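The values are calculated or read from the model by the stated rules, or taken from the named source; none is laboratory data. A quick note: this is a predicted structure, and the numbers were derived from the prediction, not measured. All Cβ positions, even for glycine, are placed from backbone atoms using ideal geometry, and neighbour counts span all protein chains on display. Accessible surface is based on the protein model in full, side chains and every heavy atom, while ligands, DNA and RNA are left aside. Shrake-Rupley method; radii C 1.70, N 1.55, O 1.52, S 1.80 Å.
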Amino acid sequence: MYDIRKIGKNGIEVRQELDISIPHVFGAGEQTNVAFVGRLVNVGNHTFILEGEGSCVFATFCSRCLKPCENAIEFSVVENFVESGTIEPDYCDIVFDDENINIMPAIERNLYANIPYQFLCNEECAGLCIHCGTDLNRNNCDCNNKPTGVFADLLSEINTGGV
């Protein structure tokens, strides 16, 4: 929390480590530690701007081989904070109610917007065989791109009209 009475036109430096909860939709662990460095500036008219850079190491699973992996994420933050009841906030402004600004919503919003759709354990990851599930980083499979196991049985039934 930052006391708005201490934030002038030149602003104040903001250096903070934040533990941010990660929604399960991102396929990651429950929390990540985000380092943020920036500046919080009073631009007048009960409005403050937070600008800076955030970074974290995101623990998740490889999109190709499904093994646990960690990936670094770096992101920029530029957010407006508007004091409640003073001016009409824009749809993307963050409204605060008392004389303190909590930067957590701004950091969360910008982190979530910068989480990639996929993560890889490494760029060369060969992934899993889509037919037999063999980890192609460790072994070659001998299914010759033909389904095996339950999927082969299901496909066979479909092809023979059994399903």
Matching residues in the range 81-103 (hydrophobic (A, V, I, L, M, F, W, C), outside any strand (DSSP E or B), open to solvent by 50 Å² or more (accessible area, probe 1.4 Å) and out of contact with any His (no Cβ under 7 Å at 6 or more places or on another chain)) number 1
Reported set for the range 19-67 where residues are modelled with pLDDT of 90 or more and acidic (Asp, Glu) is Asp19, Glu51, Glu53
Taking the range 94-104 and keeping only residues that are of a type outside the set (A, V, I, L, M, F, W, C) and in contact (Cβ under 8 Å) with a residue 12 or more places away in the chain, one is left with Asp97, Glu99, Asn100, Asn102
Of (1) of a type in the set (A, V, I, L, M, F, W, C); (2) within 17 Å of Asp97 (Cβ to Cβ); (3) touching a helix residue (DSSP H, G or I) at 6+ places or on another chain (Cβ under 6 Å), Phe36 fails just (2)
Flagged in the range 1-18 as out of contact with any Gly (no Cβ under 9 Å at 6 or more places or on another chain) and either open to solvent by 90 Å² or more (accessible area, probe 1.4 Å) or free of Cβ contacts under 8 Å to residues at least 12 places away in the same chain (or both), in numbering order, are Met1, Arg5, Lys6, Asn10, Glu17
Among (1) touching a residue at least 60 places away in the same chain (Cβ under 8 Å); (2) under 18 Å from Ile4 (Cα atoms), Cys125 falls short only on (2)
* **Filter result for Thr134 (at pLDDT 75 or above, among the hydroxyl-bearing types (Ser, Thr, Tyr), open to solvent by less than 60 Å² (accessible area, probe 1.4 Å) and closer than 30 Å to Met1 by Cβ)** => no
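Residue-by-condition table, conditions (1) open to solvent by 60 Å² or more (accessible area, probe 1.4 Å); (2) in a helix (DSSP H, G or I):
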position	(1), (2)
Asn110	no, yes
Cys121	no, no
Cys125	no, no
Arg138	yes, no
Cys141	no, no
Expected single match for at pLDDT 90 or above and either at positive phi or surrounded by fewer than 13 Cβ atoms within 10 Å (Cβ to Cβ) (or both) among Val150, Val78, Val163 is Val78
Taking the range 60-109 and keeping residues of a type in the set (Val, Ile, Thr) and touching a helix residue (DSSP H, G or I) at 6+ places or on another chain (Cβ under 8 Å) leaves Thr60, Ile73, Val77, Ile94, Ile101
Within the range 81-116, the count of residues that are under 21 Å from the mean Cα position of the chain (by Cα) and more than 24 Å from Asp19 (Cβ to Cβ) comes to 2
Restricting attention to the range 28-69, the residues that are outside any strand (DSSP E or B), surrounded by fewer than 17 Cβ atoms within 10 Å (Cβ to Cβ) and in contact (Cβ under 8 Å) with a residue 40 or more places away in the chain number exactly 5
